[in-house]
Amino acid sequence: MINEFKTNFLGGTRSNRFEIFGRIPSGEQGSVGGNFTKFHVRSTIIPQMSTKTLSYDYFGRKYHYPGERDYGSWAFTVLDDTGNANNLWQMFQRWHNNINNHETNVSYNLATGNSYKAENWEIRHLDINGDSVLKTFMLQGCWPAAIQQVSLNMMQPNTLNSFNVIIVYDYVDVKGVTERL
């Protein structure tokens, strides 16, 4: 039984092998793409994807049909690294402020083509050695719905600060899986 399992199980995937790439639309220096990697992101989840069910009564029976696709929000934990030009907490705060400025109540100028949404944020699930990409989740139309608190606690002197970001998006493309069954 154990030998059969070992023969059929080819190593599996690891939850700690991932990278995240994206660009914050700020119109200034602050591309997250090159520096926003597994080093800065401590944990994340693959967003939930589901299909709503439409039910109809017909001659005393219920018939079920697939409805609209529904995508859950995407959350990740970022290490609060302030040692370089790409201070991620500040960049997310600027992005959030550009969506709706709390002082002027003015958002991005859509007339000039500026959008509050980012395109093509990627979650790359890596193989066991971190050498190749197994799956890529490309989130389209991302923007931060929440930048959660940064905890300050004098009772934890040897702990790195982190904060959570919750992203909503329009849809997700999954690369690295077969398109048809």
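The values are calculated or read from the model by the stated rules, or taken from the named source; none is laboratory data. Just so it is clear, the structure is predicted and the values come from calculations on it, not from any experiment. Cβ: placed from backbone, ideal geometry, glycine included. Neighbour counts: every protein chain shown.
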Given the criteria modelled with pLDDT of 80 or more, over 13 Å from the mean Cα position of the chain (by Cα) and of a type in the set (Ser, Thr, Tyr), does residue 53 qualify?
yes
Of the residues in the stretch 141-173 that are surrounded by 15 or more Cβ atoms within 10 Å (Cβ to Cβ) and without any contact (Cβ under 8 Å) to a residue 60 or more places away in the chain, the one that is farthest from residue 91 (Cα to Cα) is 141
Filtering the stretch 141-155 for residues that are under 15 Å from residue 98 (Cα atoms) and over 15 Å from the mean Cα position of the chain (by Cα) leaves a count of 0
